[in-house]
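I'd like to ask some things about the structure below.
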Amino acid sequence: MQAQRKDRSNPVLNVLRLVIAGAAAGVLAAAVALPAIGGAGMSTKTAVEGLNLKPENLDEPPLPERTELFDADGKQIAQFYFENRQVVRLDQVAPIMQTALIAIEDFRFYQHGPIDVEGTARALVKNVTSGGVMQGGSSITQQYVKQVLVNAAETPEEKAAAIAPTLSRKLSELRYAMAIEKKYDKNQILEKYLNIAYFGAGAHGVQAAAKRFFDKPASKLNLVEAATLAGAVQNPARTDPNVGADARKRLLERRNLVLDRMAEIGKITVQEAAAAKAKKLGWKDVKVPGGCEASKYPYFCLYVQYEILNNEDFGKNQEERRKLLQRGGLRIKTTLDRDMQAAAEKAIKKYVSSKDKPVASQAMVVPGTGEIKAMAASRKFGRSKKKNEMSYNIVADGAHGGGRGFQQGSTAKVYTLATALEEGLKYGDGFPAPSGYKAGSYSSFKNCKGQNVGDPSHTVRNSSEGGGGFKTLESGTWGSVNTFFVKLQQKVGLCDVVKMAKKLGVKRADGQKLQEVETFTLGVNEVDPVTIASSYAVFASRGQYCRPLAITEIKDRDGKAKQYKPKCSQVLEEEVADAVNGILSGVFTKGTMQDVGGIGRDAAGKTGTTDDYMSAWFSGYTPNLASAVSLGDPRGTSAHKLIGITIGGRYYPYVYGSSISGRIWKDSMLKALKGVEAPKFASVDRSRFGGCTDNCAPKPPKKKKDGDGPRDPFDIFDFGNGDGPRDGRGPDRFGDGPGRGRGGDAGPIAPAGDIGPITPGR
């Protein structure tokens, strides 16, 4: 008995008993009231010294903040977040909010040190007598420490340890609190706590909570709203208004408790408290969408997202970069032009329905800078098969969340044309182009490794009936003559054509090496609109290739900005690019787009319909804007051809490059460039490249056309015009696309990896 009485007289052991008893009672927050046993004659100082408590520095990693994306005009278009939080200064928080929080959580905050001796003792008595936790026992400083430890935890085990009801954890928390009180003044601590605290409904920090709960910034909160948020921090899981009516009822009760407490300590009058308590909760339920799926511009958003995830400048691995994007509080300014985006979306919607299985997609790029101004598709982005949504970025390549793309078709012929002009051929140079062409030997074509890739067993055709005639660089291009371009590729060298395409930025959408085969010029490789628009922009910018650019500036959480400039290089002689422009301009007046027509300003382009109508393209440009439009079925183009199909409510026996893609291009460019200066292409150096006028070639006899695309004005047999309809004698089963090779499935290479909101449990 004497040993037991001696044991009870030890003040340090009595402190430990109180801590343990508090933990068992479920009121651990109040249990660290060290001097609450003052009757034993022990001061706070001696109690702390007896427990050997000394300040211990706390590692305070930056708070997770949401990253925001902005268009070229500075308007927000998307956001990413791990925790919905916007850090604000204390002077950006309404004074009444500060008062309400201090009143209910730590009313003597400005009078005490790391712990409140008097306040925690009073809270202990209050909570025990009321049978619940009515008042906070931990100081705001201690609560801040706990939140820092929780936020720093990476695993569920670490999070559990950060809130474990153990004596060692509470003593460590107190040591950290002592260091925090030495490091910061009271206003700084309050500011940090207001920004780190979780309020429920996915809102972290007072600014996000004010917007989520009441659709206003923290600086505009009134008494009722401030009391509501102050009441929410004590147990946000139970009072989360987003959960349901019962939780909202508990939040209302908690708000009223805060109002009573404010009146009790004289911060408001009893009458003010009564009037405020008579008000409704006022929960606005303002949704805070996150990730690209929630953006109005999901395909452009995905492109930006993957630019960050794949760039080593933002972290040593993708996981590190993902954390930066979700938690870094970045402000990313992009190149998106809302007017051009709207033009692309409207044009696509006019011709292709979101319910159609084939998908039309378009990219707009600025020549000379590479800035991507628009990325649009006919189907909405999402993961619902029932709603016919796209789960990946069909406008871009696999490196930017896209798929395997569609075969390029005859839009690839321009690379052979550019090679020929670069190597000295003139506009009027040419040769007879038969209805069918077969390589004379395996050595007829060599890839860039010097390997023979000619296929003597394969016949490249223009139409099922044959035909023939002399074709020049001009007429062969305007008519999109397959056999002419295969022979032209043979003349200049397959490897030279491949090198030209690569110089212009062409690469496969799936990231694999380009297929260097006999039918390269006919577009056997699968590509994406961003890549093709960028390659055609080289001609518009007189030979300058610019890497596609979606981000112009990134500001970090501290406001430090980094600018991202265009990355361009001269890859083609200016005069050669001018010569290409001269020929491709004729596509609208003399070639496969003549039935669609031009856009009332200098423009050039090329249609592309692949073998057996597996996909259809149009890529074109003006001196100040380039654009590419693709159309294909992502379920698999070889199994789902564009033959005998209804798209956008209209039936098409065969879909050519001019049928839909060309029309989308025309409508979108007209609207995108409305009111924009209309510069002209540079004049072609006729002394170097020559060139025919309309009087150089005999006019072909008129003949009746059928279908949607133009006929070939240079060939009475309609030979080679794969992009337009034939002369009514049956389907042109060979189109103008590659003579062999099956259409690849345009499905995703990998999931899009949308990183929307992730709200961790608390």
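How many of the residues in the stretch 264-301 are free of Cβ contacts under 8 Å to residues at least 40 places away in the same chain and open to solvent by 50 Å² or more (accessible area, probe 1.4 Å)? Spell out how you get there, then give the answer.
Step one: filter the stretch 264-301 for residues free of Cβ contacts under 8 Å to residues at least 40 places away in the same chain, giving 264, 266, 269-271, 273-275, 277-278, 280, 287.
Okay, now just the ones that are also open to solvent by 50 Å² or more (accessible area, probe 1.4 Å), so 264, 266, 269-271, 274-275, 277-278, 280, 287.
Qualifying residue count for the region: 11.
Quick one: which residue in Asp612, Asp578 is part of a helix (DSSP H, G or I) and farther than 20 Å from Gly476 by Cα? Before you say what the answer is, go through the steps one by one.
Details: Asp578 fails: farther than 20 Å from Gly476 by Cα.
The unique qualifying residue is Asp612.
Inside the stretch 505-515, can you point out the residues that are touching a residue at least 60 places away in the same chain (Cβ under 8 Å) and surrounded by fewer than 24 Cβ atoms within 10 Å (Cβ to Cβ)? Show your work before the answer.
Quick first cut of the stretch 505-515, residues touching a residue at least 60 places away in the same chain (Cβ under 8 Å) only: 506-511, 515.
Matches in the stretch 505-515: Val506, Lys507, Arg508, Asp510, Gly511, Gln515.
Next question, about the same structure. When you scan the stretch 229-243, do you find a residue that is assigned to a helix (DSSP H, G or I) and of a type in the set (Ser, Thr, Tyr), even just one?
In the first step, residues of the stretch 229-243 are kept if they are assigned to a helix (DSSP H, G or I); the result is 229-232.
Okay, now just the ones that are also of a type in the set (Ser, Thr, Tyr), so none.
Within the stretch 229-243, none of the residues are assigned to a helix (DSSP H, G or I) and of a type in the set (Ser, Thr, Tyr).
I'd like the full set of residues that are polar (S, T, N, Q), within 30 Å of Pro566 (Cβ to Cβ) and assigned to a loop (DSSP other than H, G, I, E, B), limited to the stretch 354-407.
Once the filter is applied, which keeps residues that are polar (S, T, N, Q), within 30 Å of Pro566 (Cβ to Cβ) and assigned to a loop (DSSP other than H, G, I, E, B), the stretch 354-407 yields Thr369, Ser378, Asn393.
Does the stretch 642-671 hold any residues that are under 18 Å from Lys349 (Cβ atoms), open to solvent by less than 10 Å² (accessible area, probe 1.4 Å) and not in a strand (DSSP E or B), and which are they?
Residues satisfying the conditions are Val655, Ser659, Ile660, Ser661, Gly662, Ile664, Trp665, Ser668, Met669.
Just need a number here: residues in the stretch 537-559 that are in a loop (DSSP other than H, G, I, E, B), open to solvent by 10 Å² or more (accessible area, probe 1.4 Å) and at pLDDT 95 or above.
Quick first cut of the stretch 537-559, residues in a loop (DSSP other than H, G, I, E, B) only: 541-543, 547-548, 550, 556-559.
After this cut, where a residue has to be open to solvent by 10 Å² or more (accessible area, probe 1.4 Å) as well, the list is 541-542, 547-548, 556-559.
With at pLDDT 95 or above added as a condition, the list becomes 541-542, 547-548.
Counting residues in the stretch 537-559 that are in a loop (DSSP other than H, G, I, E, B), open to solvent by 10 Å² or more (accessible area, probe 1.4 Å) and at pLDDT 95 or above gives 4.
Mind telling me which of the residues Arg248, Arg212 ends up being over 16 Å from Gln143 (Cα atoms), touching a Leu at 6+ places or on another chain (Cβ under 8 Å) and not in a loop (DSSP other than H, G, I, E, B)? Break it down stepwise before answering.
Working: Arg212 fails: touching a Leu at 6+ places or on another chain (Cβ under 8 Å).
The conditions single out Arg248.
Confirm whether Lys357 is within 21 Å of Phe80 (Cα to Cα) and open to solvent by 40 Å² or more (accessible area, probe 1.4 Å).
Numbers: within 21 Å of Phe80 (Cα to Cα): no; open to solvent by 40 Å² or more (accessible area, probe 1.4 Å): yes.
No; evaluated as a whole, the condition is false for this residue.
Here's something else I'd like to know. How many residues are part of a loop (DSSP other than H, G, I, E, B) and either at pLDDT 95 or above or surrounded by 16 or more Cβ atoms within 10 Å (Cβ to Cβ) (or both) when one looks only at the stretch 111-133? Even if it seems obvious, please write down each step before you answer.
Within the stretch 111-133, the subset part of a loop (DSSP other than H, G, I, E, B) is 111-116, 131-133.
Add one more test, that the residue is either at pLDDT 95 or above or surrounded by 16 or more Cβ atoms within 10 Å (Cβ to Cβ) (or both), and what stays is 112, 114-116, 133.
Qualifying residue count for the region: 5.
As an exercise: evaluate Glu518 against (1) open to solvent by less than 10 Å² (accessible area, probe 1.4 Å); (2) assigned to a loop (DSSP other than H, G, I, E, B); (3) within 22 Å of Lys590 (Cα to Cα) and give the number of the one condition it does not meet.
Going through (1) open to solvent by less than 10 Å² (accessible area, probe 1.4 Å); (2) assigned to a loop (DSSP other than H, G, I, E, B); (3) within 22 Å of Lys590 (Cα to Cα) one by one, Glu518 breaks only (3).
Okay, residues lined up against (1) more than 17 Å from Leu514 (Cβ to Cβ); (2) open to solvent by less than 50 Å² (accessible area, probe 1.4 Å):
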position: Ala439; (1), (2): yes, yes
position: Cys448; (1), (2): no, no
position: Thr459; (1), (2): yes, yes
position: Gly469; (1), (2): yes, yes
position: Glu474; (1), (2): yes, yes
position: Thr483; (1), (2): yes, yes
position: Val492; (1), (2): no, yes
position: Asp496; (1), (2): no, no
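Can you tell me which residues in the stretch 302-334 are polar (S, T, N, Q), outside any loop (DSSP other than H, G, I, E, B) and open to solvent by 10 Å² or more (accessible area, probe 1.4 Å)? Working first, answer last.
First pass over the stretch 302-334, keeping only residues polar (S, T, N, Q): 305, 310-311, 317-318, 326, 334.
From the residues that got through so far, the ones that are outside any loop (DSSP other than H, G, I, E, B) too are 305, 318, 326, 334.
Correct list: Gln318, Gln326.
For Tyr176, all conditions in the list (1) surrounded by fewer than 19 Cβ atoms within 10 Å (Cβ to Cβ); (2) under 22 Å from Tyr110 (Cα atoms) hold save one; what is the number of the exception?
So Tyr176 meets the others, but not (1).
The values are calculated or read from the model by the stated rules, or taken from the named source; none is laboratory data. Please read all numbers here as calculations on a predicted model, not as lab measurements. In this analysis, Cβ positions are derived from the backbone assuming ideal geometry, glycine residues included, and neighbour counts consider all displayed protein chains. Please note that ligands, DNA and RNA were not included when accessible areas were found on the heavy atoms of the full protein model with its side chains. Shrake-Rupley method; radii C 1.70, N 1.55, O 1.52, S 1.80 Å.
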